[in-house]
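Read through the structure below, which is laid out as structure tokens, and then see the notes.
Each value in this text was obtained by applying a stated rule to the coordinates, not by laboratory testing. Being a predicted model, the structure only gives us computed values, none of them experimental. So basically every Cβ, Gly included, is an ideal-geometry build from the backbone, and we count neighbours across all protein chains shown.
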Amino acid sequence: MLLQPARWKERTGMELRIPVWQFVRIMVHLEGDSGRGKSKGESVYGDWLDAWTELDAHLTKLGKTNADGFADLMMEQEVLVVCRGQARLAELRRTIDTLARRMKADVRHAADVENKRDLRREARGLEALSRDLAKRQKGEGQ
């Protein structure tokens, strides 16, 4: 299943399919950084805020009522969003790279083997997304 909030159909730019768990990681990180003086329309966070709000509400509801549905949505589904321009793509890649570095650093402090394995897997997934975006960014810039 691909989640595509209705409000995003009219936007133009590079369409990205991002696994829900990665989208959640990205948006939570950006949410913490949103106080850096960027208005709603001046950042990836601002561009994707409507989609994030809709998804977060859905995840919260599922988390309370349907654990299997929550797990399926987080790990098996994708979000379709639009990245508008090279500056937004560069911002997104910086965010993803920061998250991957933090996860790798967290591996050293993880309490158990399973947590370390999960953090390594997530870091590798984010690194793969960053590489894919780099290829697409290079292609768009030509």
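Quick look at the numbers
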{"item": "Footprinting exposure proxy for 75, 103, 27, 14 (fewest neighbouring C-beta atoms within 10 Å first)", "result": "75, 14, 103, 27"}
{"item": "HN-Hα J in Hz across the range 129-136 - Karplus 6.51, -1.76, 1.60, θ = phi - 60°, x for Gly and Pro", "result": "4, 4, 4, 4, 5, 4, 4, 5"}
{"item": "Using a Förster distance of 22 Å, the FRET efficiency for residue 76-residue 128 (Cβ separation, nearest 0.05)", "result": "0.85"}
{"item": "Inter-probe distance in nm under a simple model that places probes 7 Å from Cα toward Cβ, at residue 57 and residue 86", "result": "3.7 nm"}
{"item": "Partners for residue 61 among aspartates and glutamates (Cα-Cα distance below 19 Å; same-chain residues under 8 apart left out)", "result": "50, 72, 76, 78"}
{"item": "Descending principal axes extents, the range 61-142, alpha-carbon based, whole Å", "result": "44, 33, 15"}
